[in-house]
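We did not get these values from a lab; they are worked out from the coordinates using the rules stated. Computed from a predicted model, the values in this text were never measured in an experiment. Cβ placement follows ideal geometry from the backbone for every residue including glycine, while neighbour counts extend to all protein chains displayed.
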Amino acid sequence: MPRESVKSGVEHAFSRTRGDDRLLSELAGQQLGVVSREQLLTAGWSRDEINWRIRAGRLHQVYAGVYSLAPRQLLSRQGWWMAAVLASGPDALLSHNTAAALWGIRGYSGGAIHVTVPHKSTSTNRIRRHFSVVPEDERAVEEEVPTTSVHRTIFDLAAAVSVDDVVAMIKEAEHLNRWDRLSLPDLLERYPGKRGSKKIQFALQRITEEPPGRKRSRLETRFAPFLRRHHLPLPRFNDWILLDAKRYRADCHWPHVHLIVELDGWQGHSTRSAFQDDRARDRALHANGFSVVHLTWAQLDVEAEEVASDLRRMLQR
C-alpha cells in the first residue's frame, strides 16, 4: 500500500476517535459535568486525544487536571465543588463549611472550597485542603459529590465555630432528617480528644435543656445566645397558640407569663398585607391576655442592656 494511503487511513481512524465524545459525556454526566485528566487516562484516552479536545474547546479547564464539558461560567455550584474534589486526588471528600452547605445545615457565603484528603497536600486560594484519613462509615455521597457525612461535618466544624453554631447545625440536621450510620455520640466515643469535642458535648447537653421548636431565621438564631448572655430563660421558639379556633405562630413564647416576643426582620414583614396581618394578630393576642413585644436586630445590638432589663421585668411579673 502506498505510504500516503497508510497515513490517510491512520489519520481517518484517529479523527473518528477524536470526534466521538459519547464516553466522555457519559463520564462527565455522572460527575456534574466535570472529569479529571487522570480519569480519562485510566479509561484509555491518550494525552494527545485529551489535549486535542482542550484546544478544540470541547474540554474547559476548571482546575489543574480537571475539566468541564461546558464553559466554566455555566458550571453549577455543585459542579465547582465536584471539580475541587477531583482536583484533590483519590479519596478526597468535600468537607467543613462547604460540606455543611451541601447538606443544607449551614449557609454558604462563597470563598475557598474545603476538601479533606488522606495525604499532606498544599492548599490554594480556591481550594482549602485538610489532612485526615476519613473512615468509610464517616463518608457519604450527596448530590453526586463525595463528602464527609453530616455528623462528621458537624464534628469537623465544631473546632472553628461557636457552640451556638454547633447547636444550630444539629437542629437543622434533625429538621431535615439527615441521619448517618454514626451519631455524634458515636463520634465522641471514637474521637474523645478531637478538637471541638467539648463543644459537641456542650451543644448536645444544651439541646436537651432547650424548649422545643426550630429557630427559623438568623435573628431567631441570635436571640437564644442573647438570652443566655443575660441569664434570661429561653422561650418556646415558633410556638403555635390557639385562640378562638384560629392558630397564631409566635416567634418566642414564654407560656408561664403569656409573653410573646416577635423578632422583626425585613424579609418577613416587607409587604403591606404582611404588616396588616401582624397588627391583626397582635390585637387578637392582646385581647386574650398576651403581652406582645417587637424587637429588631439593631435593638439587640445597640440597646442590649435596656432590652434585657425590660424582658427581665416582664418575665418576673
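What's the ranking of 187-196, 158-167 by average number of surrounding C-beta atoms within 10 Å, highest first?
158-167, 187-196
So which residue, out of R128, R281, R22, gets the largest mean-square fluctuation from a GNM of the chain using Cα contacts under 10 Å as springs?
Fluctuation is largest for R22.
In the Gaussian network model of the chain, springs joining C-alpha atoms below 10 Å, which of A64, A100, A287 carries the largest mean-square fluctuation?
Most flexible of the set in this elastic network: A287.
Would you order F226, F237 from fewest to most other beta-carbon atoms within 10 Å of each residue's own beta-carbon? Mind showing how you got there, number by number?
Working: F226 17, F237 22.
Going from least to most buried by this count: F226, F237.
Looking at (i) 24.3, 75; (ii) 20.0, 63; (iii) 27.3, 105, which value of Rg and Dmax of the Cα atoms in Å comes from a calculation on the structure shown?
The listed entry that was calculated here is (iii).
Taking amide H positions as placed in the peptide plane 1.01 Å from N, state which residues far from S123 in sequence (5 or more) or on other chains have amide H under 5 Å from it.
R129
In whole Hz, what ³J(HN,Hα) sequence does the stretch 238-243 give by Karplus (6.51, -1.76, 1.60; θ = phi - 60°), x for Gly and Pro?
So the Karplus estimates, Gly and Pro as x, are 6, 8, 8, 10, 9, 9 Hz.
Return one number: the angle in degrees, 0 to 90 and rounded to the nearest 10, between the long axis of the Cα atoms of helix 3-19 and the longest principal axis of the Cα atoms of the chain.
Rounded to the nearest ten degrees, it is 10.
Can you tell which of Q31, Q78, Q205 shows the greatest fluctuation in a Gaussian network model of the chain with Cα springs below 10 Å?
Maximum fluctuation in the GNM of the chain, among the listed residues, is at Q205.
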